[in-house]
Amino acid sequence: ILRMCLPVAIISAFINDTPVVAVMMPIIEAWALKTGTAVSKLMIPLSYAALLGGMCTLTGTSTNLVLAGLLNSTSGSDGITLTMFEMTPVGACVALSCIVYMSACAKCLLPNRKANDGASDNDAKDLIDDD
């Protein structure tokens, strides 16, 4: 998990977290199949790593950009701005500690589902009410 989360968090610090997860999902799925790891053990850490990396810089998430815009518009002549790496020291510490925690505790906390467990495309038909 550590080998996956650190690069994803670093990439997500500079690119929005949603596209990072969308691009990495098939790569992580193929890696899980190659190593014999359940895909369900890697998808939640993938998403969390992207979110944690996104809070390290201004461009990591759209929320940070909205916050910077709001701060700039309300500060007026005070000149208070939020720079690109203003939140990096705190964000990097939080991200690193959470990634270490996920790596240490993932084995007992995350589900170990096989590929055919859970909902499939055919099960979606059962959820549709024809009445």
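The values are calculated or read from the model by the stated rules, or taken from the named source; none is laboratory data. These numbers come from a predicted model, not from an experiment. All Cβ positions, even for glycine, are placed from backbone atoms using ideal geometry, and neighbour counts span all protein chains on display. The protein model used for the area step is the full one, side chains on, heavy atoms only, and it has no ligands, DNA or RNA in it. Shrake-Rupley method; radii C 1.70, N 1.55, O 1.52, S 1.80 Å.
Of the residues Met25, Met102, ranked by 1.4 Å probe accessible area with the largest first, the sequence reads Met25, Met102.
Ligands, DNA and RNA left out, the accessible area of the chain computed with a 1.4 Å probe is 65% carbon and sulfur. Measuring only protein heavy atoms, the 1.4 Å probe finds Ile27 accessible over about 90 Å². Farthest toward the positive end of the dipole of the chain, out of Leu82, Ala68, Ser103, is the Cα of Ser103, where the dipole comes from beta carbon charges about the Cα centre.
Over segment 75-115, the ratio between the Cα radius of gyration and 2.2 N^0.38 Å evaluates to 2.03. Charging the Cβ of each Asp and Glu at -1 and of each Lys and Arg at +1, and nothing else, the dipole of the chain about its Cα centre rounds to 780 debye.
By the helix-only formula, in which each DSSP H run with n ≥ 4 contributes -39500 (n - 2.57) and the sum is divided by residues, the chain has a 222 nm mean residue ellipticity of -22000 deg cm²/dmol. Were the residues from Asn72 through Ile15 laid out at 0.36 nm apart, the gain over their Cα-Cα distance would be 18.3 nm.
If we count trypsin sites (Lys or Arg not before Pro) as exposed when they sit in a DSSP loop and have at most 16 other beta carbons within 10 Å, what is the longest stretch of the chain that avoids them all?
Longest site-free region, per DSSP loop and neighbour criteria: 1-112.
Shown for the chain: lysine pairs separated by 8 or more places, or found on different chains, whose C-alpha atoms are under 20 Å apart, numbering 4. Mark the label point 7 Å from the Cα of Cys108 along Cα→Cβ and return the residues of segment 27-48 whose backbone N is within less than 20 Å of it. Zone members listed by number: 38, 41-42, 44-45. When only alpha carbons of the chain are considered, Rg and Dmax amount to 18.8, 61 Å.
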